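Read through the structure below, which is laid out as structure tokens, and then see the notes.
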Amino acid sequence: MTVYKLPPIYSSEITPRDLFHDRRRFMQLAAGASLTALLPQNAFAGEPLAGVTKSTDRLIDELTPLKDITSYNNFYEFGTGKEDPAKNAGSLKTRPWTITVEGEANKPKVFDIEELLKLAPLEERIYRLRCVEAWSMVIPWVGYSLAALLKQVEPTGNAKFVEFISLHDPEQMQGQKSPTLNWPYKEGLRIDEAMHPLTLLAVGLYGEVLPNQNGAPIRIVVPWKYGFKSAKSIVKIRLVEKMPMSSWMEANSNEYGFYSNVNPDVDHARWSQAKERRIGEFLKRPTLPFNGYSEQVASLYSGMDLTKNF
Ligand SMILES: Nc1nc2c(c(=O)[nH]1)N[C@H]1C(S)=C(S)[C@@H](COP(=O)(O)O)O[C@H]1N2
Ligand SMILES: [Mo]
């Protein structure tokens, strides 16, 4: 399946997005400064991001409306229900924030979020997100290739895998008071997957600062893998020699494999992966191999048995 190159138009999305903003602006006007004072931790979410290069890729798919992207989430740190993150993620403080990049690197470094925002030009990337629970969205992310960050620390020849670690702070993340997963949330990629230009370090969506429920202030997005591979609110990246364990593998290694490439031919123990429900649509649509990105990434797995390496 090809990613079609067409002009970047949000035609179908202008209405819901504008309505959302008009309502927010109205509320801010009505409440004056007091609304902002009540929600200091949200001061950054929803602010416009400057200098973003608009995407020239236009999927034939319509963009998912902003209100769906920000109200139907998976973020166990804020509860297991799909509506929980939008309700509970206001307690996450996204400043100050650092990401430590360490391990098999010649120049390990602690990056401040303000530095990360300027590390490479911000680009819009319209990606499909396919959750293993068989729903999907189309999201206009803002960020840059993770490779730009990894190159800064000069990975050594022993860096075969990359581990991503999300914030662990039960005071800010109330879901971490329950052992729903082994906290902190951990995920991993092979080094060539992490260095692939499609793998994104995202800081925004719809041209604005990432909402907390979507993984503020910074998250990974790997569009050809099931959504759980895309760790949110990350604080550490470790370059390692051995394949790391992820929180989902620790929870159930029969159900969640390390690779987790979107594959309509290999079912999850509880959900068929053949079809998916695009949020906002009624009829299910067929799921595409590698979530539609075969042309770009299938070669990473040539010679591998993708049934065994699920
Ligand atoms: N830290 C953390 N990252 C996470 C999750 C999580 O629970 N915690 N859920 C994952 C899952 S299962 C999915 S489908 C996506 C959802 O991203 P979205 O809510 O921005 O659409 O985030 C992924 N990243
Ligand atoms: Mo998911």
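The values are calculated or read from the model by the stated rules, or taken from the named source; none is laboratory data. Bear in mind the structure is a predicted one, so any value in this text is a computation, not a measurement. Every residue, glycine among them, receives a Cβ derived from its backbone with ideal geometry; neighbour counts consider all protein chains shown. The area values use the complete protein model at the heavy-atom level, side chains included, leaving out ligands, DNA and RNA. Shrake-Rupley method; radii C 1.70, N 1.55, O 1.52, S 1.80 Å.
At q = 0.13, 0.14 Å⁻¹, what is the base-10 log of I(q)/I(0) for the chain according to the Debye formula with one equal point scatterer per Cα and no solvent? Please give it to two decimals.
Here the Debye-derived log intensity ratios amount to -0.96, -1.13.
Which residues does a label at Ser178 reach in the stretch 72-93, if reach means a backbone N under 20 Å from a point 7 Å past the Cα toward the Cβ?
Answer for the stretch 72-93: 72-92.
Return the carbon/sulfur percentage of the accessible area of the chain, one whole number, probe 1.4 Å, all protein chains in place. All intermediate terms of the calculation are to be shown ahead of the outcome.
On the way: 7860 of 13980 Å².
The nonpolar share, carbon plus sulfur, comes to 56 percent.
Can you give the FRET efficiency to the nearest 0.05 for Thr53 and Lys284, using r as the Cβ-Cβ distance and R₀ = 30 Å? Walk me through the numbers on the way to the answer.
Details: r = 34 Å, r/R0 = 1.13.
The value I calculate is 0.35.
Using a Förster distance of 30 angstrom, determine the FRET efficiency expected from the C-beta separation of Thr156 and Ser253, and round it to 0.05.
Values: r = 29 Å, r/R0 = 0.95.
Computed FRET efficiency for Thr156 and Ser253: 0.60.
Using 0.36 nm per residue, how much length does the chain from Ile60 to Lys109 gain when fully extended, once their Cα-Cα distance is taken away?
Values: separation 49, 0.36 × 49 = 17.64 nm, distance 4.00 nm.
Using 0.36 nm per residue and subtracting the Cα-Cα distance, I get 13.6 nm.
With N residues in the stretch 231-271, what two-decimal value do you get for its Cα radius of gyration over 2.2 N^0.38 Å? Don't skip to the end; give the middle numbers.
Numbers: Rg = 12.5 Å, N = 41, 2.2 N^0.38 = 9.0 Å.
In units of the 2.2 N^0.38 Å rule of thumb, it is 1.38.
In nm, to one decimal, how far is the Thr100 label point from the Ala148 one, both placed 7 Å along Cα→Cβ?
2.5 nm
Let's test the formula: R0 of 30 Å, r as the Cβ-Cβ distance of Asp192 and Lys308. What FRET efficiency results, to the nearest 0.05?
Working: r = 19 Å, r/R0 = 0.63.
For R0 = 30 Å, the calculated efficiency reads 0.95.
Of Lys93/Lys284; Lys118/Lys242; Lys93/Lys229; Lys107/Lys242, which pairs sit farther than 29 Å apart, going by alpha carbon to alpha carbon? Write down the numbers at each step before the final one.
Values: Lys93/Lys284 37 Å; Lys118/Lys242 31 Å; Lys93/Lys229 23 Å; Lys107/Lys242 20 Å.
Exceeds cut-off: Lys93/Lys284; Lys118/Lys242.
State to the nearest 20 debye the size of the charge dipole of the stretch 19-296 about its Cα centre, where the only charges are +1 on K and R beta carbons and -1 on D and E beta carbons.
On the way: 34 positive and 33 negative charges, 65 e Å.
The calculation lands at about 320 debye.
For a quick protection proxy, order the peptides 276-286, 259-269, 295-305, 181-191 by their average other-Cβ count within 10 Å, most packed first.
Numbers: 276-286: 14.0, 259-269: 18.2, 295-305: 11.9, 181-191: 20.5.
Highest to lowest by the protection proxy: 181-191, 259-269, 276-286, 295-305.
Shape verdict for the stretch 194-290, please, from the Cα gyration tensor: rounded (a/c under 1.5), prolate (a/b greater than b/c) or oblate. Let's see the in-between values first.
On the way: a/c = 1.88, a/b = 1.14, b/c = 1.66.
Verdict is oblate for the stretch 194-290.
Please build a GNM for the chain, connecting alpha carbons under 10 Å apart, and tell me which residue among Pro179, Pro197, Pro108 fluctuates the most.
Per the Cα network of the chain with a 10 Å cutoff, Pro179 tops the list.
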